[in-house]
Amino acid sequence: MNYDVIIIGSGPAGLTAAIYATRANLKTLLIAGGKWGGQLMLTTVVDNYPGFPEGIQGPDLMMAMRKQAERFGTEFVDEDFEHGDFGTKPFKINAGGKTYQSKSVIIATGADTKWLDVSGEKEKIGRGVSSCAPCDAFFFKNKKVIVVGGGDSAMEEALVLANFATEITLVHRSESLRASQIMQDKVKNNPKIKIVLNTEVASILGESNVTGVELKNNKTNETSKMDIDGVFVAIGHIPNSMKFKGIEADEKGYIKVDNHYRTNIDGVFVSGDVHDSHYKQAVTAAGFGCAAALEVDHYLRGLDL
């Protein structure tokens, strides 16, 4: 079956793109994946998405977006994207053992958080374990937390948390931080933030919520326990771009785009965290999805936005 646009990915970027594409009367297929909804499906309360003064559960927000896209006519395939042929038009997209054809494509596959992969982490995501201080710092007002990482993103997390938490411990496994000097200086000059180097998190403690961590010194192999209320993991993200052969990406795997969210292949557009290495917010992903869909509409109508 032929479509005007196929959207690959079902997070805020993909679903918003679908809403705009179908409202532009484009025949739209969304390859949602076996586990649809993106990172917000792992989130509890989302307090910073506009329009929800009391907050909203992450899965509820994604379901509302999906129902909105379906109401306007988006077709969904709840199968994982397998591969795409971007060398000829119409583009051929494979998912769930079937091939779908389209005049244009929006890649909105997002990026996955690099987690610590230690005992007690996975089951406490959203229950004291987070990867987004701008999203969750408010919940740790007057509490003690740790931030794991040594790059600029870890510094940013610690500085955001310093507006809410009483004490932040920045834990990094190496002898020195990787962050830019200006970010390091900001952290070191903040009285709320303490830096612990040559140290890793060995496990995260607590029954249902985080109550502490077990730390291991890389030089002495000594272990110690620290009572804390939250763990913020800031060791990087992995853009879901590996399956897109022929689509140019940077050295970190983020897909390259121009000012109109176009890739190096004519007719293939991008939106959300798979190209956004900086903001990584649900609302910015949704905005990118809107922009990409508007660009696709103009592209298909032979216009230049």
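Read-outs throughout are calculated quantities, based only on the coordinates presented, and are distinct from any laboratory measurement. Since we're looking at a predicted model, the values are computed, not measured. Using ideal geometry, Cβ is built from the backbone for each residue, glycine included, and neighbour counts are taken over all protein chains shown.
Remark: relative contact order (the chain) = 21 percent; criterion is Cα-Cα distance under 8 angstrom and separation of 6 or more residues. Here the simple spin-label model places points 7 Å from the Cα toward Cβ, and for LYS194 and PHE52 these points are separated by 3.5 nm. The charge dipole of the chain, taken about its Cα centre with unit charges on the Cβ of Lys, Arg, Asp and Glu (plus for the first two, minus for the last two), comes to roughly 40 debye.
State the Cα centre-to-centre distance between segment 181-228 and segment 255-305 in whole Å. Their Cα centres are 38 Å away from one another. Think of each Lys and Arg Cβ as +1 and each Asp and Glu Cβ as -1; about the Cα centre, that makes the dipole of segment 11-118 roughly 560 debye. Counting only DSSP beta bridges with both residues in segment 115-233, tell me the antiparallel percent, nearest 5. Counting only bridges with both partners in segment 115-233, antiparallel ones make up about 40 percent. Rounded to the nearest 20, the Cβ-based charge dipole of segment 115-233 about its Cα centre (Lys and Arg +1, Asp and Glu -1) stands at 240 debye. Need one word for segment 130-248: rounded, prolate or oblate. Basis is the Cα gyration tensor (sqrt eigenvalues a ≥ b ≥ c); a/c below 1.5 gives rounded, then a/b vs b/c decides. Taking the square roots of the gyration eigenvalues as a ≥ b ≥ c, segment 130-248 is rounded.
By the Cβ-Cβ criterion of under 4.7 Å, the unpaired cysteines of the chain are CYS290. The candidate values were (i) 20.9, 68; (ii) 22.1, 83; (iii) 20.9, 65; the one computed from these coordinates for Rg and Dmax of the Cα atoms in Å carries the label (iii). Protection proxy ranking, highest mean first, for peptides 37-48, 125-136: 125-136, 37-48, where packing is the per-residue count of other beta-carbon atoms within 10 Å, averaged. The order of the peptides 174-184, 284-294 by mean Cβ neighbours within 10 Å, most packed first, is 284-294, 174-184.
Amide H to amide H, with H built 1.01 Å from N, LEU170 comes under 5 Å of VAL147, LYS194, ILE195, VAL196, counting only residues 5 or more places away or on other chains.
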